[in-house]
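Comments concern the structure below.
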Amino acid sequence: MTMDLPRLETRADAARVLSFLLAEAGRGEVTPGEAEKLARVVSEHHQAVQLTEIEERLRGLEEALGLVPSPGALACPQRSLNAGHWRDTRR
């Protein structure tokens with residue numbers, strides 16, 4: 001199967017591509033199974049874009065508040081903010 005998909009860079013693009021795939025399946029250009037497989041790839045890409053955006057926003061908030069993760073913060077995700085998970089760099 002060869003198909004030219006619309007641009008896929010943003011969350012809005014993901015919605016457009018999924019609509020495109022649904023329309024293609026409705027016209028019989030792709031089988032429902034092919035559309036489903038492609039939709040999964042689009043969804044995974046969409047999740048990766050969302051995660052990247054969330055990480056960037058979180059990093060910006062942490063920097064604005066003067067907070068940086070402690071060296072062991074990622075290794076111990078169960079630690080709470082009150083347990084020294086973050087250091088205040090404003091001091």
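Every number in this text was worked out from the coordinates using simple rules, so none of it is lab data. This is a predicted model, so every value here is computed, not measured. Neighbour counts are summed over all protein chains in view; Cβ atoms, including those assigned to glycine, are modelled from backbone coordinates with ideal geometry.
Taking Cβ atoms as reference points and 14 Å as the exclusive limit, the residues near ARG57 contribute a net charge of -3, counting Lys and Arg as +1 and Asp and Glu as -1. Listing VAL49, VAL41 from fewest to most neighbouring C-beta atoms within 10 Å gives VAL41, VAL49.
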